[in-house]
Amino acid sequence: IPWSAQQGWHDAVVKPYGPLQLDPAASVLHYAQEIFEGLKAYRWADGSVWAFRPEANAERLQRSARRLSLPELPEADFLSAIEHLVKIDQEWVPTAPETSLYLRPFMIASEAFLGVRPAQGVDFHVIASPAGAYFPGGIEPVSIWLSEDWSRAGRGGMGAAKTGGNYAASLLPQAEAYEQGCQQVLFLDSEERTWVEELGGMNVFFVYRDGRIVTPALGTILEGITRSSVIRLAEQRGHGVEERRFSIAEWREGVESGEIVEAFACGTAAVITPIGRLKARDFEIGAPDAEPGALTMSLRDELTGIQYGRVEDHHGWMRRLA
Ligand code: PMP
């Protein structure tokens with residue numbers, strides 16, 4: 001869907017997948033004026049196709065748009081773009097367990113203009129691609145590397161927006177994580193380098209022996225849609241969920257004293273995955289072969305059950321697309 005300062009959003013079209021044409025002076029290529037979303041369409045046993053909380057993605061895209069000085073796309077346009085695409089591409093929604101059709105909406109500043117100011121010409125696109133099961137051989141706890149040198153975002157920055165620049169900043173620390181034999185990088189706050197923020201592509205949760213759950217507060221992190229869903233499900237089961245500052249020392253001491261009994265990460269791709277091990281330069285928490293926590297796995301079963309239509313959706317989270 002193109003947008004111009006004169007016409008607003010206009011002339012939505014569905015086109016066969018293929019390269020985009022961009023002017024070499026397009027703002028996005030120089031100043032990274034870009035935002036995106038990620039969500040999935042799930043095939044239910046009766047053949048119908050559903051999206052999980054697409055309204056929440058529409059709303060987060062609007063918040064990202066405000067931060068990046070891009071035009072806000074109305075929720076109705078976001079939803080109808082996804083619905084149109086999925087209806088046309090229905091046969092691409094896979095049927096095997098835990099598979100899905102991944103949807104990647106994104107908005108780019110396409111105006112050819114080399115001055116630094118918000119673009120007057122913008123395009124919104126959605127691409128769709130079948131996605132296999134994240135854990136084809138059964139759940140594997142994720143191991144994470146503590147990035148002590150790099151930050152993803154700082155106060156007043158763009159951490160809460162889903163924008164390419166944040167991911168550009170995380171590529172080098174993510175590569176270090178791989179070198180260390182870990183799958184994800186863990187970021188701390190940029191000022192005190194004390195407070196746990198999030199992983200390269202997931203939010204984190206800590207479960208105490210007494211049933212309390214702690215997750216880092218919003219601000220400089222991405223407000224994950226899985227994160228807010230997990231909070232709802234946990235609260236409904238009677239767990240107190242604290243959204244607050246949580247230090248790396250608290251994690252270490254909590255595990256050593258046996259107060260913290262589970263840690264898990266969550267995001268659209270893996271839904272919920274146990275954290276098996278945290279590796280830092282001079283200490284390690286957990287073990288690569290740690291058993292997944294009971295609450296972690298039961299929340300995962302409930303959430304994936306809702307997404308695939310096996311568990312009743314009491315929250316109005318699922319939206320039928322086809
Ligand atoms: N944090 C970051 C940095 C992410 O990229 C993601 C994935 N979108 C998340 C958290 C989890 O967000 P969601 O649950 O909306 O996928």
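Quick note: the coordinates plus some simple rules give every number you see, no bench work behind them. Bear in mind that the values here come from a model prediction, so they are computed numbers and not experimental data. Here the Cβ positions follow ideal geometry from the backbone for every residue, glycine too, while neighbour counts run over all protein chains shown.
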Determine the distance separating the Cα centre of the stretch 219-254 from the Cα centre of the stretch 1-79; give it in Å without decimals. 28
Measuring from the longest principal axis of the C-alpha atoms of the chain, the long axis of helix 225-236 (C-alpha) lies at a number of degrees, nearest 10, equal to 50
Going highest first, how would you order 144-152, 250-258, 85-93, 58-66 by mean Cβ packing within 10 Å? 144-152, 58-66, 85-93, 250-258
Expected max-MSF residue from Gln120, Gln21, Gln183 in the GNM of the chain (alpha carbon, under 10 Å) is Gln21
Counting helices only, and only those DSSP H runs with n ≥ 4, report the 222 nm mean residue ellipticity of the chain as the sum of -39,500 (n - 2.57) divided by its residues, in deg cm²/dmol to the nearest 500. -8000 deg cm²/dmol
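Pairwise over distinct Cα atoms, reciprocal of the mean inverse distance: report the Kirkwood radius of the chain in Å, one decimal place.
Values: mean 1/r = 0.0481 Å⁻¹.
Hydrodynamic radius (Kirkwood, Cα only) of the chain equals 20.8 Å.
Convert 4 °C to kelvin, take the viscosity as 1.567 mPa s, use the Kirkwood radius over C-alpha pairs of the stretch 103-193 as Rh, and evaluate the Stokes-Einstein diffusion coefficient in µm²/s, rounded to a whole number.
On the way: Rh = 16.3 Å.
Rounded, D is 80 µm²/s.
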Please determine, in degrees from 0 to 90 and to the nearest 10, the orientation of helix 54-67 with respect to the longest principal axis defined by the Cα atoms of the chain, where the helix direction is its Cα long axis. 80
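Could you please tell me the mean projected area of the C-alpha convex hull for the stretch 193-263, averaged over all directions and given in square nanometres to one decimal? Before the final figure, lay out the partial values.
On the way: hull surface 18.6 nm².
Over every viewing direction, the Cα hull of the stretch 193-263 projects on average to 4.6 nm².
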For the stretch 268-322 and the stretch 175-204, what is the separation of their Cα centres, given in Å? 18
Read phi for every residue in the stretch 18-31 and hand back ³J(HN,Hα) as whole Hz from Karplus 6.51 cos²θ - 1.76 cosθ + 1.60, θ = phi - 60°, with x for Gly and Pro. x, x, 8, 9, 10, 5, x, 8, 4, 3, 4, 6, 10, 10
0 to 90° range, to nearest 10: angle between helix 164-179 axis and the chain longest Cα axis: 40
